[in-house]
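These notes are about the structure you will find just below.
What follows draws every value from the coordinates through simple rules; no lab data is involved. A quick note: this is a predicted structure, and the numbers were derived from the prediction, not measured. Cβ: placed from backbone, ideal geometry, glycine included. Neighbour counts: every protein chain shown.
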Amino acid sequence: MPTGKECQEMTTHLERMPTGIPGLDEVLMGGLIPRRTYLIVGRTGTGKTVLSLQWLLAGQKMGEQGLYISLAEPVDEIAKNVASFGWSVEGLAVRELVPSRASIPVEEEYTVFPPSDVESTSIWNAIYQAVEEVRPSRLVIDSVAQLRALSVDEYQFRKQILTLVKWLNQQGCTTLLIFEPSIAEHETSLTLAVDGVIRLWHEVGEAKLLTLRGLQVDKMRGSDFLSGIHAMRITNQGLVVFPHRIEPPAVSVPASGQVPSGVPELDEMLHGGIEIGTSTIISGPAGVGKTTLAI
């Protein structure tokens with residue numbers, strides 16, 4: 001088994017993909033490991049979409065092809081939301097795979113089979129097709145909670161998601177799967193399937209005036225990371241992470257020798273003074289001079 005130092009050296013020499021998010025690369029020991037799949041977990045409003053788009057746009061600046069697959073939010077709404085940060089989705093491949101209910105003609109509504117039986121296969125196939133067409137280096141699927149809702153049961157979802165993750169890794173994609181943990185018991189399949197889990201959270205402070213945001217890494221297969229909760233902010237330029245650093249204590253070697261007492265006769269009795277690094281009790285009844293000797 002490798003030692004802790006060897007594990008750290010292995011982590012340091014792994015190829016890394018910068019996230020483009022200030023502070024996050026430090027938490028991840030340099031960035032994400034390419035050609036792997038990561039789960040971004042958080043409730044609505046925690047910043048999952050901001051994080052994923054900021055990551056895609058960082059890759060675009062480095063000449064990497066990005067693909068954003070939306071399974072719930074319309075593409076035009078996504079474009080409006082990122083415009084507030086001064087961002088543009090132009091140059092990114094964006095696919096909206098779930099039509100709104102209003103776009104389905106009345107005669108085409110499902111009357112015999114539930115939507116999960118009709119839509120599930122086509123949605124999964126559409127994801128594979130979009131990836132084959134675009135051949136992205138960076139991929140975001142937002143959100144896999146919709147895929148879970150379309151699956152007949154937990155077994156079918158687990159089988160489908162494991163197959164998808166394995167295939168994406170083989171295609172050379174680095175993938176972010178967005179997930180809202182509304183049904184906690186269904187998170188297990190996703191956690192087992194992916195290579196890393198990054199969790200976002202937010203809560204309102206006691207004074208009801210501030211929203212506290214945080215980020216933590218629950219899992220990073222094959223790599224170390226800065227554990228714990230790291231403060232986070234969503235600014236007008238995007239998401240910023242403030243790593244919570246735990247500095248190792250300074251190692252000091254205690255000095256050796258003796259400390260003179262200041263009383264020559266006492267030092268003579270003690271053969272030079274009190275040993276450094278020891279504790280000495282000065283004992284005696286009131287009035288014998290304990291305080292005077294100590295001073």
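A few notes on this one:
- Peptide ranges 149-162, 213-226, 28-41, 267-280 listed from the most packed, as the mean C-beta count within 10 angstrom indicates: 28-41, 213-226, 149-162, 267-280
- Amide H within-cut-off set for Ser143, under 5 Å, with H built and near neighbours excluded: Leu71, Ala72
- Geometric descriptor of region 176-295, per residue, is 317 Å³ (volume of the convex hull of the Cα atoms).
- Neighbourhood charge, 10 Å Cβ-Cβ cut-off, centred on Val165 and excluding it, Lys, Arg +1 and Asp, Glu -1: +1
- The simple spin-label model puts a point 7 Å past each Cα toward its Cβ; for Glu64 and Glu275 those points are separated by 6.0 nm.
- Alpha carbon centroid spacing (whole Å) that separates region 40-103 from region 220-295: 51
- The string of couplings for region 33-46 from the Karplus curve (6.51, -1.76, 1.60, θ = phi - 60°) is 7, x, 6, 9, 10, 10, 9, 9, 10, x, 6, 4, x, 7 Hz, one whole number per residue in order, with x for Gly and Pro.
- One decimal place: the segment Thr235-Glu247 gains 1.6 nm when fully extended, by the rule 0.36 nm per residue minus the C-alpha distance.
- Computed extension gain for Val288 through Trp167, at 0.36 nm per residue and net of the alpha carbon distance, reaches 35.1 nm.
- ³J(HN,Hα) computed for each position of region 81-88 - Karplus, 6.51 cos²θ - 1.76 cosθ + 1.60, integer Hz, glycine/proline x: 5, 6, 5, 5, 9, x, 9, 9
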